[in-house]
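The next block holds one structure in the form of structure tokens; read it before the comments.
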Amino acid sequence: MKPSHLLILYKLSEQGATTKEVVSSTSDLAKGIGGSQQTASRRLIEMEKLGLIERSRDGRDQKVRITGEGLRELSDMYLNLKRVFEAPKKDLIITGAVFTGLSEGSYYMSLDGYRKQFISKLGFDPFPGTLNLRISKENLNDRKILDTYPFVYIEGFANEKRTYGPAKCFRAVVNDKVKSAIVLPIRAHYGEDVVELIAPVSLRKQFKLVDGDKVHVRVPVSP
């Protein structure tokens, strides 16, 4: 995403566009981003095509509202800033129950575009599969706090078949024994109550896990 898109989202949020349509002129936005009126108009068109905002006309007034996708981008920016200015001071412990997922982990782990990055950035060659944990409602806040911890960015890529999105990896230790990483795709196919773990070994076999077993994951405060 262009930095100017984030800046416009921020300016629109100041006007209340996160919860309702607001009247917003391109001249006002141009002043807010330090650009020309024409540039502001182009950026709004781009953002509408990307699904970040919705626009409508009320006579001569232009009304704008930030979409759910736009809110997610703002939320990501907020969490990154929070990570910088409110750095966590202790390791995070996440507890979840093992469950059988969509069986897509082995496919993604086998892709060179991801695997090479895991090896070079995390320091281990992951077992071809992920361990899926479901977080209970009472522990869900721990999962949200995870977003404020240091992470390793895994870049997206494309091959002859399709495009694959980026992900964030948080270094972790499972049951205080096996070094691993929590993988959070930027565009996740699971909800916030789920985390996926990768490790150099099969965690299911290592700990003789079955669905429903509780697993403790420690995320260190420093990467």
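Annotations for the structure displayed:
- Bridging of residue 121 to lysines at a Cα separation below 29 Å is possible for 2, 82, 89, 90, 144, 161, 168, 177, 179, 205, 208, 214, once same-chain residues fewer than 8 apart are set aside.
- In sequence order, calculated HN-Hα J values of the range 154-161 (Karplus, 6.51, -1.76, 1.60; Hz; x Gly/Pro): 9, 6, x, 7, 9, 10, 5, 8
- Full extension of the chain between residue 211 and residue 50 gives 54.1 nm of extra length, using 0.36 nm per residue less the Cα-Cα distance.
- Sequence of 19, 26, 130 once ranked by neighbouring C-beta atoms within 10 Å, starting from the fewest: 19, 26, 130
- Protection proxy ranking for 32-39, 192-199, using the average of other Cβ atoms within 10 Å per residue and placing the highest first: 192-199, 32-39.
- Label corresponding to Cα Rg over 2.2 N^0.38 Å when calculated from the structure given, among (1) 1.04; (2) 1.12; (3) 1.20: (3)
- Potential lengthening of the chain between residue 79 and residue 193 amounts to 39.3 nm, from the contour at 0.36 nm per residue minus the alpha-carbon distance.
- MRE, 222 nm, helices only [DSSP H, n ≥ 4, -39500 (n - 2.57), over the chain, to nearest 500]: -9000 deg cm²/dmol
- Remark: spin-label model distance residue 179-residue 160 equals 3.6 nm, labels positioned 7 Å along the Cα→Cβ axis.
- 3J(HN,Hα) along the range 50-63, derived from phi through the Karplus expression 6.51 cos²θ - 1.76 cosθ + 1.60 where θ = phi - 60°, amounts to 7, x, 7, 9, 10, 10, 8, 10, 10, x, 8, 8, 9, 10 Hz, with x in place of Gly and Pro.
- Under 5 Å, built H, 5+ apart or other chain: amide partners of residue 180: 172, 173, 174
- For the range 3-85, the Kirkwood estimate of the hydrodynamic radius, built from every pair of different alpha carbons, is 12.8 Å.
- Counting Lys and Arg as +1 and Asp and Glu as -1 over every other residue whose Cβ lies under 15 Å from the Cβ of residue 3, the net charge comes to +1.
Where a number appears in this text, it was derived from the coordinates with a stated rule and is not lab data. Everything quoted here is computed from the prediction, not taken from an experiment. As a convention, Cβ positions derive from the backbone with ideal geometry for all residues, glycine included, and neighbour counts pool all protein chains shown.
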